[in-house]
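Remarks on the structure that follows.
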């Protein structure tokens, strides 16, 4: 057994350690130093595809040693829940907590009474540093309020088994306990919760458990699991009945909600991943329960790297915008109208750069950024803006691996790319906001890439 464990450890190390980027100042083809997740008592790193698929266990001591770890004991199980924090370190009344959807390109199986994963997009992979960077960039346009990107069980560094925990009571209990601990640590009074897709189902269930939710924004979410899982022939899959007692169906918990929260349910009625019917029934039931529910049909986006198929599913950015604006005191009806008309909710801030300033800020630079339209997937962009006009994208877990090459240039006082056209750039402290439209809307945000932690 000792020899077998040694061989398995070698295999894990071989598939988990990415090549290093020479430009970052690292030498050698393979980093054989002990990995941080192993040092902190994790059996796998759920920031990676391999860890997401396998699931991970964690030790209490290792979890408590992490600044972004919360050790949770719900009686039936104990897990380490991770989070990424952006924004003010000063005490604030309200904190934003965002729950992401399922990984892009995920396919699930149900065999022998258990769920597993067959595959997931290579673009799922992140690091703790890249996700924290996304949280900081989001917080940069939401001043005065901390922003927490929550790691669901078995995802984004948290221990657990994503395929097994997805849509279950345990997932809700673990997230509920994590919010309570964050509130204790940081001293704020209440939450503005935002959830995209399956993360939105968690938010809906939390409304039935908590009395400190000021605002709740649910985007493109499966709020009626029977409708969501129903096949085209009308039949309900066997696994739904077999796991009925374990599932956290928001349609069951809606009758227990006793909340004064302002609730928004948003999505694109063309959504091909989560049909409109899978959230419409919950809206009606919530209103009957006396909740203030504002709904809006908005535009859903897609991640180009996941293929040409149109799903109209990604709506996370509008969800987190509304959560912030609601927590800042804007009325539900005002925000609903802004959503329905497509008006910007956040006003981009900063000094507009000239063409020469744009060249100086981007040319020859390695920048990390996020596209606001794909927010909700937790995706960060690692880019290099070549002085000759090449725009290279790199994999967040494998920084030597180029995933795409595009072109960029400057026209007048606008930054142009072959993918996205030409837009203005605003400088706001350490961040560069790419903005377009009238009135201006956020397209993307960039900042200097952090040093590679493996260097």
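Of the conditions (1) over 30 Å from residue 212 (Cβ atoms); (2) modelled with pLDDT under 95; (3) part of a helix (DSSP H, G or I), residue 272 fails just one. Which one is it?
Every condition holds for residue 272 apart from (3).
Just need a number here: residues in region 66-84 that are under 21 Å from residue 130 (Cβ atoms) and out of contact with any strand residue (DSSP E or B) (no Cβ under 8 Å at 6 or more places or on another chain).
Number of matching residues: 1.
At least 1 residues that are modelled with pLDDT of 90 or more, more than 26 Å from residue 328 (Cβ to Cβ) and in contact with a strand residue (DSSP E or B) (Cβ under 8 Å, 6 or more places away or on another chain) in each: list the strands (runs of 3 or more DSSP E) lying fully within region 104-223 that qualify.
107-111, 114-119
How many residues are touching a residue at least 60 places away in the same chain (Cβ under 8 Å) and under 19 Å from the mean Cα position of the chain (by Cα) if we restrict to region 318-335?
Qualifying residue count for the region: 6.
Does region 356-366 hold any residues that are surrounded by 15 or more Cβ atoms within 10 Å (Cβ to Cβ) and outside any strand (DSSP E or B), and which are they?
357, 358, 359, 361, 362
May I ask you to list the residues in region 68-90 that are under 21 Å from residue 173 (Cβ atoms) and in a loop (DSSP other than H, G, I, E, B)?
Residues satisfying the conditions are 68, 74, 75, 76, 77.
Within region 397-430, how many residues turn out to be under 25 Å from the mean Cα position of the chain (by Cα), outside any strand (DSSP E or B) and farther than 19 Å from residue 302 by Cα?
7
When region 91-103 is examined, which residues are found to be under 25 Å from residue 58 (Cα atoms) and part of a loop (DSSP other than H, G, I, E, B)?
100, 101, 102, 103 - these are the residues of region 91-103 that are under 25 Å from residue 58 (Cα atoms) and part of a loop (DSSP other than H, G, I, E, B).
Does residue 387 qualify as being more than 30 Å from residue 203 (Cβ to Cβ), in a loop (DSSP other than H, G, I, E, B) and not assigned by TED's automatic domain parsing to the domain that holds residue 307?
Yes.
In the same structural domain as residue 135 (by TED's automatic domain parsing) and touching a strand residue (DSSP E or B) at 6+ places or on another chain (Cβ under 8 Å): which single residue out of 363, 371, 325, 296 fits that description?
Result: 296 is the single residue among 363, 371, 325, 296 that is in the same structural domain as residue 135 (by TED's automatic domain parsing) and touching a strand residue (DSSP E or B) at 6+ places or on another chain (Cβ under 8 Å).
Can you confirm whether region 21-43 contains a residue that is surrounded by 13 or more Cβ atoms within 10 Å (Cβ to Cβ) and at pLDDT 95 or above?
yes
What's the number of the condition residue 245 fails, among (1) buried (at least 17 other Cβ atoms within 10 Å of the Cβ); (2) part of a loop (DSSP other than H, G, I, E, B)?
Here residue 245 clears every test but (1).
When region 51-68 is examined, which residues are found to be in contact (Cβ under 8 Å) with a residue 60 or more places away in the chain and under 16 Å from residue 184 (Cα atoms)?
68
For a quick check of your reading of the model, give me the residue pairs whose first member lies in region 72-94 and is in contact (Cβ under 8 Å) with a residue 12 or more places away in the chain, whose second is surrounded by fewer than 19 Cβ atoms within 10 Å (Cβ to Cβ) and assigned to a strand (DSSP E or B), with beta-carbon atoms closer than 8 Å and at least 6 apart or on different chains.
From region 72-94, the pairs are 72/78; 93/190; 94/190.
For region 382-423, how many residues meet the condition of being within 21 Å of residue 156 (Cβ to Cβ) and free of Cβ contacts under 8 Å to residues at least 24 places away in the same chain?
Count: 1.
Yes or no: region 321-344 includes at least one residue that is crowded, with 19+ Cβ neighbours inside 10 Å and not in a helix (DSSP H, G or I).
No.
Can you confirm whether residue 58 is modelled with pLDDT of 95 or more, crowded, with 23+ Cβ neighbours inside 10 Å and assigned to a loop (DSSP other than H, G, I, E, B)?
yes
The values are calculated or read from the model by the stated rules, or taken from the named source; none is laboratory data. All values derive from a computational prediction rather than experimental measurement. A quick note on method: Cβ atoms are made from the backbone with ideal geometry, for glycine too, and the neighbour counts reach across all protein chains shown.
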